[in-house]
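J.: The structure that follows is given in the form of structure tokens.
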Amino acid sequence: MTEALAKILVADDEPDLRALLQRYLSDQGYSVRTVDGAGPLDVLLQRERFDVLVLDVMMPGEDGLEALPRLRAAHPDVSVVMMSGNASIETAVQATKAGA
């Protein structure tokens with residue numbers, strides 16, 4: 001059995017997108033877990049170590065941009081990739097400044 005390339009956590013409220021990303025990234029050799037929002041994200045990050053967090057910008061409750069500064073402070077060693085179907089240049093700049 002070979003070890004996964006990296007451990008990735010995908011946080012997105014769209015179940016089809018979570019399933020697609022999990023399937024694709026797993027096929028590429030990554031270990032992938034998924035959650036549907038910031039609450040479950042926090043719980044999983046407390047229990048497991050991840051190399052990469054793929055975080056949706058727009059989620060119900062606390063969205064990705066709101067969660068990003070807190071997540072970066074609590075988990076500075078985790079690389080964060082922000083994604084959105086509705087993002088603008090302003091959103092990209094905001095996410096980059098916050099540590100994504």
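The values are calculated or read from the model by the stated rules, or taken from the named source; none is laboratory data. All values derive from a computational prediction rather than experimental measurement. Neighbour counts are summed over all protein chains in view; Cβ atoms, including those assigned to glycine, are modelled from backbone coordinates with ideal geometry. When the accessible area is computed, the model is the full protein with side chains, heavy atoms only, and any ligands, DNA or RNA have been set aside. Shrake-Rupley method; radii C 1.70, N 1.55, O 1.52, S 1.80 Å.
J.: Take the residues in the range 61-85 that are among the acidic types (D, E) and open to solvent by 70 Å² or more (accessible area, probe 1.4 Å), then tell me which one is nearest to T96 (Cα to Cα). Spell out the reasoning first.
T.: Taking the range 61-85 and keeping what is among the acidic types (D, E), we get 62-63, 66, 77.
From the residues that got through so far, the ones that are open to solvent by 70 Å² or more (accessible area, probe 1.4 Å) too are 66, 77.
Numbers: E66: 13, D77: 16 Å.
Applying the filter and picking the extreme gives E66.
J.: Just to be sure I understand, how many residues within the range 37-56 are under 12 Å from I8 (Cα atoms), in a loop (DSSP other than H, G, I, E, B), of a type outside the set (F, W, Y) and out of contact with any Ser or Thr (no Cβ under 7 Å at 6 or more places or on another chain)?
T.: Number satisfying all stated conditions: 2.
J.: Another one. Scanning the range 1-53 for residues that are of a type in the set (S, T, N, Q) and touching a residue at least 12 places away in the same chain (Cβ under 8 Å), which turns out farthest from S84 (Cα to Cα)? If you could, list the steps in order and put the result at the bottom.
T.: Here is the first cut: in the range 1-53, the ones of a type in the set (S, T, N, Q) are 2, 22, 26, 28, 31, 34, 46.
So of that shortlist, the ones also touching a residue at least 12 places away in the same chain (Cβ under 8 Å) come out as 2, 22, 28, 31, 34.
On the way: T2: 32, Q22: 16, Q28: 22, S31: 22, T34: 16 Å.
Only one residue fits best here, namely T2.
J.: Further question: Mind checking which residues of the range 72-100 are over 19 Å from Y30 (Cα atoms) and modelled with pLDDT of 90 or more?
T.: Once the filter is applied, which keeps residues that are over 19 Å from Y30 (Cα atoms) and modelled with pLDDT of 90 or more, the range 72-100 yields A73, A74, H75, P76.
J.: So, one more: Exactly one of these conditions fails for T34: (1) hydroxyl-bearing (S, T, Y); (2) part of a helix (DSSP H, G or I); (3) surrounded by 15 or more Cβ atoms within 10 Å (Cβ to Cβ). Give me its number.
T.: Answer for T34: the failing condition is (2).
J.: Turning to a different aspect of this structure: Taking G29 as the residue in question, decide whether it is at positive phi and touching a helix residue (DSSP H, G or I) at 6+ places or on another chain (Cβ under 8 Å). Lay out the reasoning, then the answer.
T.: Numbers: at positive phi: yes; touching a helix residue (DSSP H, G or I) at 6+ places or on another chain (Cβ under 8 Å): no.
So G29 does not fit the description; no.
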